[in-house]
Amino acid sequence: MQKEQKLSSGHPDTYYAATAVGMREHASLAGAERADVCVIGGGFTGLSAALNLAEQGFDVVLLEAERIGFGASGRCGGLVGSGQRKDVFETEEAFGYERSRQLWDFAELAKNEIRQRVVKHGIPCDLQDGQLVGVHKKRYRGWPQQLSIALAERYNYPFCQSLDARQTREYVATDGFLEALYDSQALVLHPLNYTLGLARAAAEAGVRIFERSRVTHYSRTDPALVETLQGSVNAKFVVLACNGYLDKLERRVARKIMPINNFMIATEPLGEQRARDLINGRFGVHDTRFVVDYFRLSEDHRLLFGGGENYRREFPADISKFVRPYMLKLFPQLDDARIDYAWGGTLSVTVNRLPHFGRLKPNVYFAQGYSGHGISTANFAGKVIAEAIGGTATRFDVFAGLPTHMFPGGTLLRYPGMVLAMFYYSLIDRL
């Protein structure tokens, strides 16, 4: 097993950690605390819930096992897409137009929440507009045009443009895309800096944040007693915001998600001209593969590229060697580019790739399973959990009402099943 390399800050050795702004230390929990709400997890969901709760007047304690933004919230690709993980054709087929439109509108509110937080709190997260989805196989030709028309006509969203092969190559210098969809109102950002900005805003709003305070157990009582090795929190409500790092803390919902590992690399600085010759702008890019390739340019003209997954606890022995072939398949012109950073992170997926929200008796709220669409969905999850605890559960109940399924075999056999499924879909991707 490769041991994850950590910096002196306690964060993994990533490009994001190397360019972090406003990182600060928070004490570990020691002794007994009381609060209205105890939030477990210091990523997008937990910080958003804590901040929104504090703004409502709740007394909030947040416990993070490692450092704020240590998990996927501080390591992901930084792409903030429109809509849900499934496109509107799929959500319409599953739920009908009315519910599909409701989910789309919520996703738009989620993007706006990010924009507003960045402005309100002055978060230096390099927020940029735009996202391109590249079609990688003939089977999906025509999808960009169909989707852009549907969004404009039925969802009041005229911001998507379908691109043919020539137009696509003017945006991204790869022969790997047959055509594309460009969404001018999607977003990209520096995820760790956004997370750190939320933490600063939450602390200023009165949230008591404790790092290196791993929760070992919490009681199913009202109020709940949340325990760490060195302390405890007595709270009326608990917010479970662990996602891919849930592990054995709450078995009642662990069977609904599958933790998976995804990997990224950052090239050396390419220089402004070479970077712009590669991608003509600071927008995000991903493709239509089941195991998605995603990438964008950094502020200092590097290519940040994500590709490849595995479905076990271990990371590859050499992450750079693991991810680099995915990059070169799309950009062979980068064969001479040095890789300066390589890292992995853990997220979680659900069987149907829709987020899993819910309540557990007597006083626990949770959201998880964002399936690679986590920045906007997780931020909005924290907001609607805070609304529900505050007494207005309308939006929370929409998400809680989405169908959820257990992975076959539960937590014991889900990994072998996932490996077989991923092998099948990766084979389909190549055919």
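At a glance:
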quantity: Mean Cα-pair separation over length for the range 236-330, i.e. relative contact order, pairs under 8 Å, 6 or more apart, %; calculated: 29
quantity: Of the trypsin sites (Lys or Arg not before Pro) in the range 174-279, those whose Cβ has at most 14 other Cβ within 10 Å and which sit in DSSP loop; calculated: Arg220, Lys248
quantity: DSSP-assigned coil residues among trypsin sites (Lys or Arg not before Pro) in the range 330-365, each with at most 12 further Cβ atoms within 10 Å; calculated: Arg338
quantity: Cleavage-rule hits, trypsin sites (Lys or Arg not before Pro), the range 109-195, DSSP coil, Cβ neighbours within 10 Å at most 13; calculated: Arg141
quantity: Under-5 Å amide H pairs with Arg214, H placed in peptide plane, nonlocal only; calculated: Leu229
quantity: Dimensionless Rg ratio for the range 222-268, taking C-alpha atoms and the 2.2 N^0.38 Å reference; calculated: 1.65
quantity: Relative contact order of the range 94-235, pairs being alpha-carbon contacts under 8 Å that are 6 or more residues apart, as %; calculated: 24
quantity: Phi to ³J(HN,Hα) by Karplus 6.51 cos²θ - 1.76 cosθ + 1.60 over the range 291-296, Hz, x for Gly, Pro; calculated: 9, 6, 8, 9, 6, 6
quantity: With at most 16 other Cβ atoms within 10 Å, longest stretch of the chain clear of loop chymotrypsin sites (Phe, Trp or Tyr not before Pro) (DSSP); calculated: 1-158
quantity: For the range 383-389, Karplus couplings with θ = phi - 60° (6.51, -1.76, 1.60), whole Hz, Gly/Pro x; calculated: 5, 6, 5, 4, 4, 5, 5
quantity: Range in the chain, longest, excluding exposed GluC sites (Glu not before Pro) [loop by DSSP; at most 14 other beta-carbon atoms within 10 Å]; calculated: 26-298
quantity: Dipole magnitude of the chain about its Cα centre (Cβ charges: Lys, Arg +1; Asp, Glu -1), debye to nearest 20; calculated: 960
quantity: Lysine pairs within the chain, Cα separation less than 25 Å, 8 or more sequence positions apart or different chains; calculated: 23
quantity: Dipole-positive endmost among Pro223, Gln273, Gly142 within the chain (Cβ charges, Cα centre); calculated: Pro223
quantity: Simple label model, 7 Å out from Cα along Cβ direction - Glu4 to Thr346, nm; calculated: 0.7
quantity: Net length gained if the chain between Gln230 and Asp277 were fully extended (0.36 nm per residue, minus Cα distance); calculated: 11.6 nm
quantity: Taking N as its residue count, the alpha carbon Rg of the range 273-362 over 2.2 N^0.38 Å; calculated: 1.34
quantity: Other-chain or far-sequence residues with amide H under 5 Å of Glu179's (modelled H); calculated: Val135
quantity: Nitroxide proxy distance, nm - points 7 Å out along Cα→Cβ at Arg154 and Asp13; calculated: 5.0
quantity: Val21 paired with Leu109, simple spin-label distance in nm, labels 7 Å along Cα-to-beta-carbon; calculated: 2.9
quantity: Residues Glu268 and Arg166, FRET efficiency given R0 of 30 Å [Cβ-Cβ distance, rounded to 0.05]; calculated: 0.50
quantity: For the range 278-289, Karplus couplings with θ = phi - 60° (6.51, -1.76, 1.60), whole Hz, Gly/Pro x; calculated: 7, 9, 8, x, 9, 7, x, 9, 8, 10, 9, 5
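Read-outs: derived from the displayed coordinates by stated rules, not from any lab. Keep in mind that what you see is a predicted model, and the values were worked out from it rather than measured. Cβ: placed from backbone, ideal geometry, glycine included. Neighbour counts: every protein chain shown.
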